[in-house]
Amino acid sequence: MEKPVVLCGLGRVGWRVLDFFKAAGLPVIVVDINASPDDPRLVGVKSIKGDCRNIDVLEKAGIRDAGGVVIVTSEDLVNISSALLIRRLNPTARIVVRMFNQNLLIHLGSAVKNTVALSVSALTAPILALTAASGDVLGAFRLDDSPRQVSELLVDEGSELIGKRLGEVAGLNNLTILAITRVNGSRQLLLDVDTETVLETDDRLVICGVPGDISQLLARERGDLFPGVRWAGSIRRWLRTARRTLLEVDIAVKIATPILFLTILASTLVFRFGLGAAWSDGLYNTVSLVATGAELHGEKHPEWAKVFLSILKIAGAALVAVFTAILTQYLIRARLGGVLEIRRVPDSGHVVVCGLGNIGYRLVNELTAMGERVVAIDKASENPFIATVRRKWVPTFVGDATVPEVLKHANAGSAKAVIAATSSELANLEIALLVREMNPKQRVVLRLHDPSFAEAIREASSIRYAMAIPALAAPAFVAALFGDRVQAIFTAAGRTMVVIDVIIEEKDAFLCGKSLRALVLDYRLFPLAVSGQPVNALRGYRLKVGDRITLVAELPDLERFVRREVIPAKNAVVVKSFPIPAKEYLLTLVRTTKHCSQDEAEALLHAIPFTLASGLTQGEARELVEHLSGEAVNAEVMMG
């Protein structure tokens, strides 16, 4: 991108976006209400102090000549106002807007031309969910409406992968190998990955595939296979429910109820042994006196009995009144809907999500869509997400997850994983440490804001999955400048990779009719699928209108492709030798390429070596050589 990019907003996400711009070598101008030229983080970056909704501030930033704009303030109204104003000032610049409101998020991109709206929670929730479900995750995206994940795999000593070829590992586990870092430090990325490479101890692979397949492979390699969700028996679950119900009853109810029943028991005993009444008559008379104060008819009673009955009437009236008042107050205050939640909590194999904010709610959606059993915890009873999550049949506890008893109710110690996703970094850290005390081997995914804090936690503790949300989301805002359908961005083997969807439109004459193989070779793109079909089944395929290509590329290569950089056509293919069975194939190819007669083609075949084609791009020349090698023809690419 030759024109500068304007970055509006230097919050948590904004600073990370700026870091990526600087790392990619893109010219950037910062606009922020608190920008200071003395800030060491802005060294070498032009910064404008002011409101990005102010025309004068935007003009000073050179908005009319900007190639793209990224707006990442923390307020939707500011972001939308700035986007509309910038579109009026610069009708052609690509605008990437941060949005919190999910309804606006869906419609803004389609309503405002050349504008992409992104949500931090939508970008990061799939990564956090997949990390909890399967372990290390570098990125997540969808391919033909099916989830895919990118993970890193270390080949440990004793691994089942040692001695196997990369192609064999990929085929057996339905994986795509995106990169490999060898034990000697050498790297192979994307198109340079050699499927004949034999794996050794301490090799690192970057793999892409269906979450279930990757999860099983990672679990086998780490030896942490989960047996699946396990439930307690029905009797034990009901006893657990009854115990929790009793624990939640107010102390006043616990005191008043035994006193009332002890009074009834004592009175029944007096009627039975003092007045000679039957057990049933004694209980009936007692309840009648206590509940209604009714007179007892029949034979006369001794004087002491009259005194007893009088006291029983007074005490009964008082006890019933007190018990009714206390119980009614408890029932009004109690959230009885949560009493049965404990019964629906598995004993193990589930995922516990602590915090039901924007990210927490999306985490529940992602995990349930993946078929995981989820238990949620949130301390705000008025949280609107609680009712929605419960309608998904997800057990949800209202309580503070920093309290050990609340985590025990959710069986966090025996869960498959625990995600601390509240809005408080300290609370998340406390939850992680509490869970680790319950189970030192527990997988804990920790949501944080500060990347430095996250790195410090990973280094100083055994919490491997301390993840900074701005660091996860920021690359997507950068990548969105280069394509309409950026799905994911991740770092592999020290390089920044982007997963994009490219739709071939009728107006895109540059791509229509282009050879897929030549295209990926020229721009160093790694194709995953074309309109849902695997690339290995599309040899010789030429692109047509309506095709959707899912690609992985490094950021610089993606930039060259998005701006349709012209590739020099200075290469030729020279045939050096060929076997007799390939002669007819070569004759046909020469006549097609050279537009010559049969005799001219045969004469050319006798003039070995000869130039089969010239004026080709590097990709076109390499593709032709690959076709020739399939017929055992010895040919090579020559630079013009």
Having 3 or more residues that are open to solvent by less than 20 Å² (accessible area, probe 1.4 Å) and in contact (Cβ under 8 Å) with a residue 24 or more places away in the chain is the bar; report the helices (runs of 4 or more DSSP H) wholly within the range 74-165 that clear it.
-> 76-89, 120-134
If you go through A632, A613, A601, A572, the only one that is touching a Pro at 6+ places or on another chain (Cβ under 8 Å) and among the hydrophobic types (A, V, I, L, M, F, W, C) is A632
Could you please let me know if V406 is in a helix (DSSP H, G or I) and closer than 21 Å to I386 by Cβ?
-> yes
Residues that are assigned to a loop (DSSP other than H, G, I, E, B), open to solvent by 50 Å² or more (accessible area, probe 1.4 Å) and in contact with a Ser or Thr (Cβ under 9 Å, 6 or more places away or on another chain), drawn from the range 567-601 = P568, A569, K570
Determine whether E168 is in contact (Cβ under 8 Å) with a residue 60 or more places away in the chain and farther than 19 Å from L363 by Cβ.
-> no
Out of all the residues in the range 427-445, which are outside any loop (DSSP other than H, G, I, E, B) and open to solvent by less than 50 Å² (accessible area, probe 1.4 Å)?
-> A427, N428, L429, I431, A432, L434, V435, R436, V444, V445
Selected residue (only one of P346, P404, P384 is modelled with pLDDT under 90 and out of contact with any Phe, Trp or Tyr (no Cβ under 6 Å at 6 or more places or on another chain)) = P384
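Yes/no matrix, rows are residues, columns are (1) open to solvent by 10 Å² or more (accessible area, probe 1.4 Å); (2) farther than 23 Å from P126 by Cα:
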{"site": "T402", "(1), (2)": "yes, yes"}
{"site": "A417", "(1), (2)": "no, no"}
{"site": "E425", "(1), (2)": "yes, no"}
{"site": "P451", "(1), (2)": "yes, no"}
Just one of the numbered conditions (1) open to solvent by less than 40 Å² (accessible area, probe 1.4 Å); (2) more than 30 Å from L85 (Cβ to Cβ); (3) assigned to a helix (DSSP H, G or I) is not true of E168; which one?
-> (1)
Considering only residues of the range 189-224 that are touching an Asp or Glu at 6+ places or on another chain (Cβ under 9 Å) and either assigned to a helix (DSSP H, G or I) or basic (K, R) (or both), which is surrounded by the most Cβ atoms within 10 Å (Cβ to Cβ)?
-> L190
In contact with a strand residue (DSSP E or B) (Cβ under 8 Å, 6 or more places away or on another chain) and under 19 Å from L178 (Cβ atoms), is that true of A529?
-> yes
In contact with a Gly (Cβ under 7 Å, 6 or more places away or on another chain) and either farther than 18 Å from P470 by Cα or among the polar types (S, T, N, Q) (or both): does that describe K3?
-> yes
Residue list for the range 507-523, restricted to those being touching a strand residue (DSSP E or B) at 6+ places or on another chain (Cβ under 7 Å), open to solvent by 10 Å² or more (accessible area, probe 1.4 Å) and either under 17 Å from L178 (Cα atoms) or of a type in the set (K, R) (or both) = K514
If you go through the range 384-398 one residue at a time, do you hit one that is part of a loop (DSSP other than H, G, I, E, B), surrounded by 18 or more Cβ atoms within 10 Å (Cβ to Cβ), of a type outside the set (S, T, N, Q) and free of Cβ contacts under 8 Å to residues at least 60 places away in the same chain?
-> yes
What number of residues in the range 536-554 are within 25 Å of Q149 (Cα to Cα) and more than 26 Å from the chain's Cα centre (by Cα)?
-> 4
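The values are calculated or read from the model by the stated rules, or taken from the named source; none is laboratory data. What you see is a predicted model; the values in this text were computed from it and never measured. Neighbour counts are summed over all protein chains in view; Cβ atoms, including those assigned to glycine, are modelled from backbone coordinates with ideal geometry. Keep in mind that these areas ignore ligands, DNA and RNA; they rest on the heavy atoms of the full protein, side chains included. Shrake-Rupley method; radii C 1.70, N 1.55, O 1.52, S 1.80 Å.
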